Each structure stands twice: as C-alpha cells, then as structure tokens.
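**Student:** Pasting a structure here, questions to come.
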Amino acid sequence: MRPSPTSPLPAVAPGRGSEAAQGRRVAPAAPRRLRLTLSRQIGLVLACAMLLLAAGGLAAGVWVARTTLQAEIGRHNEAGAVALAAALAQFQGDSGAAQQLLAGQWASTAYRSLRYEPAGSGAPAFERRALATQGAAPGWFVAAFGLAPDARSAPVIDEGHAVATVEVDSAPPDADARLWEAALTAAALMAVLAALGALIVLALLARLRGQLAPTLAQAQVLAGGRCVTAAEPAAPEMQMLTRAMNSMVERLKAAVDLQVAQVEQLRQQAHVDRLTGLANRRHFLARLEAALKREDGTARCGLVLMRLRDLAGVNRCLGHAATDRMIAALAQALATYAERVPGCIPGRMNGADFALCLPVGGMALETAQTLATAMRAVLPTIGPGVAVSLGGAELHHGLAVGAAMARADEALARAELRGPYGVEVLGVGAGGSAGGGELAWRKGLDTALAAGCASLAAFPLVDAQGALVHLESPLRLQLQPGGAFEPAALWLPLAARTGLTGEIDARAVDLALEAIVRDGRPRSINLAPASLVESEFAPRLRALLFARARVARKLSLEIDEAAAVERFGALRELARLVRPCGVRFGLEHAGQHLATIDHLFEDWLDFVKLDAALVAGAGSDEQRAGFVRAAVGLLHGLAIDVYAEGVQGDDDAAALWDCGVDGITGPWATARFSQRQ
C-alpha cells in the first residue's frame, strides 16, 4: 500500500540489504497468533457461555431428579419396613414363620435387599439381595449420578419389646435407567433451547455485522489510501466510531483537494502561457503531435495560425501595458471559440503568433475567416494600424508535427502578402467526412465485425526494469476487402455517430481475452466514451468478463480522461460493475483535467496514464518534470498507479523514472522491450 497523500513515507534506498546482511542480529519471528474478528470473538464467548449454562443446567436438573427420586424411595422403604414389621409382630417371635413370610414377600415384591435380624442374635436370620444389572444407563452415569442404597429399618414389637429388626430397600432395579432416561429427556430439551439461543445469537451477530460492515469497508478503503464516508449505524458506540472516521475522511479529502490544487498550479506553470492562459508553444506542439499520432486521434484535423502584424510597432505606439491587454483580448477570442467547439486546442506560439488546432477536417478556411471577421470588428477600436493575418492548413492522421507547422507557416506567409486581415488556407476541401453516408459506413463496420476483419495492435508498456506491465492493444478494422487494418482515428468518429462503439469495444475485449489465453500476456483495451451511454454495454461487458474470469485478471480497461469529467456517473458505474471481475480500470490521455474529476479519492480507479503532451520534454524542462512529480505523488498517495504515454527519448524516460512513474509506453518503450526479446 502506498502512503497517504498527507503523510508520505520515506522510500527505501535501492540496494539496501536486510539487517542480517548488515551485521545486525535479527530477532526470531514471533509465533503467529490466531486472530479472530470481533463478531467471531463475541460469538465464541456467547457459545461458551451457552454451553456452560446448558451443561450446568443439565447437571443440576439430573442432580435434583436423583435427589427427589432417592427421597421418594427412602419414604417408600420406611413405609414398607413399618408395614412388614407390623406383619411380623403377629408371629410373636416365631423365627420360622417370620422367615416364611419374608420369603414370600421377597418373591412377590421387587426388593433390592431384605434383611431380618432377631434381637440379640448378632446375625440376620433372613437376608436377600438382588443381583446388580447393567441396565440402560452407562457406567459413567451410574458412577456420577447413580442412586445410593437408602434402606430403612423398623423394629418388630411383641408385648412392648423389640424382638427383631427388619430392613427394607425397595428401590426398583431399573431406577438408574429411569434416571438416565430423564437425563436424556432433559438433554434434548436443553439442546432445543440451545438451538433457539444459537439462532438468537446468530441473528444478533448478523445485525452486529450489518452495523460493522460499513465501518469495516470504510477502514479497508482507507487502508488502500482512498477516502470514503460511511453511513452511521444505529448502535451508539458504532455511531461514535463512524463519526470519528468520517471526520478523519473529511480532513483527508481537504488535504487531497489542497494537493490537487497544487498539482493544477504546477500544470499551469509548466504548460500555460502566463499572459493569455492559453497553452504555451511546447505544450501546444505536444498536443498537436498527440492528436496526429495516437491511435484514437482524428483522421483529419485543421490548424490555424494567427499573427499580430508589426508587434514592435504596435508596442511603440500603444505602450507595453496596452499591447498586453490587446494580446489578452486576442487570446480570449481564441479561447471563446475553443469553448464553443469541443476538441479545439488554442495556444500562444510566441509574442505575436497564436494557433488553433481544430478537431475535424474541412473547417480551417471557415474558422480563419470567422476569426478574421471578429478581429476586424474589435482591433481597430484598440488602436490605429492594429491588424492580424491568418493562415491555415488541413492535416491528416500520421502527419509529422513539423510538416504540419510548415504548411500552416506557408499559408500564414501568403496571408501576410494579402495585407491586414488576410486569410490563406492550404488543402481546402480535405474534409473529414466519409463518402457514402452513415448507412454505408455502418454497413462497412458491421461487415468488418461480422467477417472477423478485426485485429489488435500491440505496444508494450514497461516498468523501470524493462519488464512488461501490459500490452497496449488498440483495435484496428479492415474496412475494405484486402485493405489495411485501419486505426481507430479513421473509423471511431463514424462508429460513434452510428452507435456501434459498444459492439466494437466488446469485440476488442473478446479479442484481448483470446490473446491472453494464447500467450498469457496482460493486455489493455481502450474503451470509447460513447460506449458509456449505451444501456446494454456495461451488462454485456460484465457477462463477457465473468465468462472468462481467470484470464480477465490480466486485462485492463481504460477510457479517455474527458469521460471522467463529462460522464463521471456512468464511468464510475461501469468501473463498479467490471472491477469485481479482477479487471484493472484506468484513465488514458490524463493529466489535463485532474483537478476537475469528481471523487478521485474513491475506490474506482487503478491507474492513470499521463498524456504524451504533458510528459513530453520532461527531461529538458524542470517545470514539466515538477508537474509530473507532483501528479505522481498525488496519485500514488491515493494508491493509483501512474504511467506515461508516448515517451520518445532517453532523456524524457530517465526524467520520468526519477519522477516516480510506474510504467512508460511509446516509441522508447517499444524499442527497449524489443531489445529484451
């Protein structure tokens, strides 16, 4: 578990040996003790108490029954002895007649012993004892609770004198067996009562566990470095504990929010122009390169450059402060346009030059003309001679960023020749829409999926030792018979428009699971944000993963960071459904909006991949490296792994490892991984 964001733990120095290796004596490990949960301890105590009460109650019941039976037998013996003595008194001391009576009595009555002793003789004239029988009662029971002899005697009186003594023990031979049967009946009753008591105890424990469950779940999440509040249970003691933990969570959230704000401030310093608030030159070029190169970029896009004419002359005429206000106004116009057109990237290239990257093709000319018209209405009010020129270019996926800028610069140079507010765009008409319409494209995508014309690419994401973390596996489709397998940049927008992203993403996951079965290598699949709004996608994905639960543990799912901002509820619900399958869940192209993602501290996210535009140049720009380092510290404090996308060179890779990232992907990682094979 990683340390919390508010109290980072010191890292262990690399290469440091154990204490034994450093010459220190290591104490022997203490024997492991059996640890029981609180509910189990309470259950064990109650079970022992119930067992003792049942055993004690049974023993007491048997003892009372034995005492009662023995007293009853004693009274019966006393009455029998008195009656027999009265009968013997009629024989006036005739020993023979007395013995005949006693013999008949012994034969007709169930006695345990019968004894007749004339007075002064010192020896019995008649004595009989019944043979001991085993009976139904076990020996240990007879030894513990068996009836003791309780014979009673009575004198035989003749003319006022005792002529003999008769002793009677009329206890039945099966008295111990009867007592054993009574004990068994009592034991059965005790067992029934114990079962009822156990059911009551289990119900109480279940209620206790129910009250403890939210607090225990909260403790587990906190132990993982995340923050979540729990509902207060009904028990007053648990309410106090839960309130204390919730209070601690609120303090942790405040600390996380403060750290998020610090990370955002570092991002602004590293990637944003201070005067205008737009992306600075390095960051704009990095984002433009990412849009042109990444698999899920755009098939075609546009680039517009806007230059303030004669900046030095304007500065002399208006003054430095007024010129700064004018530059800020130009930047505000670009930012406003970007807010109205999602996916636009505005930036300031240098003192007089601004840039705007358009998310679709075929719009560069219209955009440049719209901006020229807006500037023509605003700039003359600032000062005389203030004007701009605009040049643009239509770009396609895979074009090098240098070539893209060269085309736009050429267009800008031609626009300047046209005079103030001149506009020139190269590649007019290279739109991004596909021929044939939506129905044709849907048919083509359906055919590709049905015919199995889909495959996964494989780009390694490696750790600091060069070992594989997982293979980035973007889906590619063969849209034309015998044609190339095209990246998502060419077909994803049309798939989203025709409502096929859910089916395509499910196919990608299925292919990834099949590949994991074949070679055992972990893989990562990127999901389209449009799939989140398809009601059937999440259940279908969950069923697909549970059907292959063993290999699903080697699968990662990732989605664009923008989805976490725009569709957070659907995204968190998807993560809640699929993470129990063992799947890891992450955000790709991340870092730009970390400060605006809700509930980042909750337990729904496993990893974050910092966008290539944010990590590019970390080896030569300390501000960029500082942002990455702060973002890694924040996310590690929340137990979230951090990867870096699109890393190009050794310097950037070394700086990123120093910043603490857990993995790197991009050309550098691909080259290093291939060397290990």
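The values are calculated or read from the model by the stated rules, or taken from the named source; none is laboratory data. Everything quoted here is computed from the prediction, not taken from an experiment. Using ideal geometry, Cβ is built from the backbone for each residue, glycine included, and neighbour counts are taken over all protein chains shown. The protein model used for the area step is the full one, side chains on, heavy atoms only, and it has no ligands, DNA or RNA in it. Shrake-Rupley method; radii C 1.70, N 1.55, O 1.52, S 1.80 Å.
**Student:** In segment 165-177, is there at least one residue being in a strand (DSSP E or B), in contact with a helix residue (DSSP H, G or I) (Cβ under 6 Å, 6 or more places away or on another chain), open to solvent by 60 Å² or more (accessible area, probe 1.4 Å) and modelled with pLDDT of 80 or more?
**Tutor:** No, segment 165-177 contains no residue that is in a strand (DSSP E or B), in contact with a helix residue (DSSP H, G or I) (Cβ under 6 Å, 6 or more places away or on another chain), open to solvent by 60 Å² or more (accessible area, probe 1.4 Å) and modelled with pLDDT of 80 or more.
**Student:** Restricting attention to segment 188-234, report how many residues are open to solvent by 60 Å² or more (accessible area, probe 1.4 Å) and either in a loop (DSSP other than H, G, I, E, B) or closer than 22 Å to Asp606 by Cα (or both).
**Tutor:** Residues flagged as open to solvent by 60 Å² or more (accessible area, probe 1.4 Å) and either in a loop (DSSP other than H, G, I, E, B) or closer than 22 Å to Asp606 by Cα (or both) within segment 188-234 amount to 6.
**Student:** Can I ask one more? Among the residues of segment 279-301, are any without any contact (Cβ under 8 Å) to a residue 24 or more places away in the chain and surrounded by 14 or more Cβ atoms within 10 Å (Cβ to Cβ)?
**Tutor:** Among the residues of segment 279-301, not one is without any contact (Cβ under 8 Å) to a residue 24 or more places away in the chain and surrounded by 14 or more Cβ atoms within 10 Å (Cβ to Cβ), which makes the answer no.
**Student:** Does Glu514 satisfy the condition of being open to solvent by 40 Å² or more (accessible area, probe 1.4 Å), within 25 Å of Val360 (Cβ to Cβ), free of Cβ contacts under 8 Å to residues at least 12 places away in the same chain and not hydroxyl-bearing (Ser, Thr, Tyr)?
**Tutor:** Spelling it out, it is not the case that Glu514 is open to solvent by 40 Å² or more (accessible area, probe 1.4 Å), within 25 Å of Val360 (Cβ to Cβ), free of Cβ contacts under 8 Å to residues at least 12 places away in the same chain and not hydroxyl-bearing (Ser, Thr, Tyr).
**Student:** Could you please tell me which pairs satisfy a Cβ distance under 6 Å, a separation of 6+ or placement on different chains, a first residue in segment 235-264 that is more than 18 Å from Asp603 (Cβ to Cβ), and a second residue that is polar (S, T, N, Q) and open to solvent by less than 80 Å² (accessible area, probe 1.4 Å)?
**Tutor:** Pairs that qualify, where the first residue is more than 18 Å from Asp603 (Cβ to Cβ) and the partner is polar (S, T, N, Q) and open to solvent by less than 80 Å² (accessible area, probe 1.4 Å), are Ala235/Gln211; Met238/Gln211.
**Student:** Which residue is farthest from the chain's Cα centre (by Cα), if the candidates are limited to segment 267-278 and must be open to solvent by 60 Å² or more (accessible area, probe 1.4 Å) and in contact (Cβ under 8 Å) with a residue 12 or more places away in the chain?
**Tutor:** Leu275
**Student:** Right, here's the next one. Residues that are open to solvent by 10 Å² or more (accessible area, probe 1.4 Å) and under 23 Å from the mean Cα position of the chain (by Cα): does segment 460-470 have at least one?
**Tutor:** Looking through segment 460-470, at least one residue is open to solvent by 10 Å² or more (accessible area, probe 1.4 Å) and under 23 Å from the mean Cα position of the chain (by Cα).
**Student:** Provide a single number: the residues in segment 475-488 that are open to solvent by less than 40 Å² (accessible area, probe 1.4 Å) and either at pLDDT below 85 or touching a Phe, Trp or Tyr at 6+ places or on another chain (Cβ under 8 Å) (or both).
**Tutor:** 4
**Student:** In segment 660-677, what count of residues is obtained for those that are open to solvent by 10 Å² or more (accessible area, probe 1.4 Å) and part of a helix (DSSP H, G or I)?
**Tutor:** 9
**Student:** Sticking with this one: If Gln99 meets every condition in (1) polar (S, T, N, Q); (2) closer than 23 Å to Ala175 by Cα; (3) in contact (Cβ under 8 Å) with a residue 12 or more places away in the chain apart from one, which number is that one?
**Tutor:** (2)
**Student:** Something else: Can you run down the residue pairs with Cβ atoms below 6 Å, 6 or more apart or on separate chains, where the first is in segment 530-551 and more than 23 Å from Ala495 (Cα to Cα) and the partner is exposed (fewer than 13 other Cβ atoms within 10 Å of the Cβ)?
**Tutor:** Val551/Val517
**Student:** So, one more: Pairs, please: C-beta under 7 Å, at least 6 apart or cross-chain, first residue under 30 Å from Gln648 (Cα atoms) and acidic (Asp, Glu) and in segment 379-401, second open to solvent by less than 10 Å² (accessible area, probe 1.4 Å) and part of a strand (DSSP E or B)?
**Tutor:** Glu394/Gly302
**Student:** Restricting to segment 255-278, and then to whatever is outside any helix (DSSP H, G or I) and either hydrophobic (A, V, I, L, M, F, W, C) or touching a Leu at 6+ places or on another chain (Cβ under 6 Å) (or both), can you tell me which residue is farthest from Ala613 (Cα to Cα)?
**Tutor:** Leu275
**Student:** Are any residues in segment 71-85 open to solvent by less than 30 Å² (accessible area, probe 1.4 Å), more than 13 Å from Val166 (Cα to Cα) and among the hydrophobic types (A, V, I, L, M, F, W, C), and if so, which ones?
**Tutor:** Result: Ile73, single match.
**Student:** Would you mind stating whether Ser153 is in contact with a Gly (Cβ under 6 Å, 6 or more places away or on another chain) and touching a residue at least 24 places away in the same chain (Cβ under 8 Å)?
**Tutor:** no
**Student:** Scanning segment 103-130 for residues that are closer than 11 Å to Val156 by Cβ and of a type outside the set (Gly, Ala, Ser), which turns out nearest to the chain's Cα centre (by Cα)?
**Tutor:** In this case the residue turns out to be Tyr116.
**Student:** Which residues, taken from segment 531-546, are among the hydroxyl-bearing types (Ser, Thr, Tyr), open to solvent by 80 Å² or more (accessible area, probe 1.4 Å) and within 10 Å of Ala506 (Cβ to Cβ)?
**Tutor:** Residues satisfying the conditions do not exist here.
**Student:** Residues that are surrounded by fewer than 12 Cβ atoms within 10 Å (Cβ to Cβ): find the strands (runs of 3 or more DSSP E) completely inside segment 86-164 holding 3 or more of those.
**Tutor:** Filter on segment 86-164 gives an empty set.
**Student:** As an exercise: evaluate Leu471 against (1) of a type in the set (A, V, I, L, M); (2) assigned to a helix (DSSP H, G or I); (3) touching a Lys or Arg at 6+ places or on another chain (Cβ under 8 Å); (4) free of Cβ contacts under 8 Å to residues at least 60 places away in the same chain and give the number of the one condition it does not meet.
**Tutor:** Failed condition: (2).
**Student:** Kindly state which helices (runs of 4 or more DSSP H) lie completely within segment 547-653 and contain at least 1 residues that are under 16 Å from Leu266 (Cβ atoms) and open to solvent by 30 Å² or more (accessible area, probe 1.4 Å).
**Tutor:** Once the helices (runs of 4 or more DSSP H) in segment 547-653 are filtered for at least 1 residues that are under 16 Å from Leu266 (Cβ atoms) and open to solvent by 30 Å² or more (accessible area, probe 1.4 Å), what remains is 622-637.
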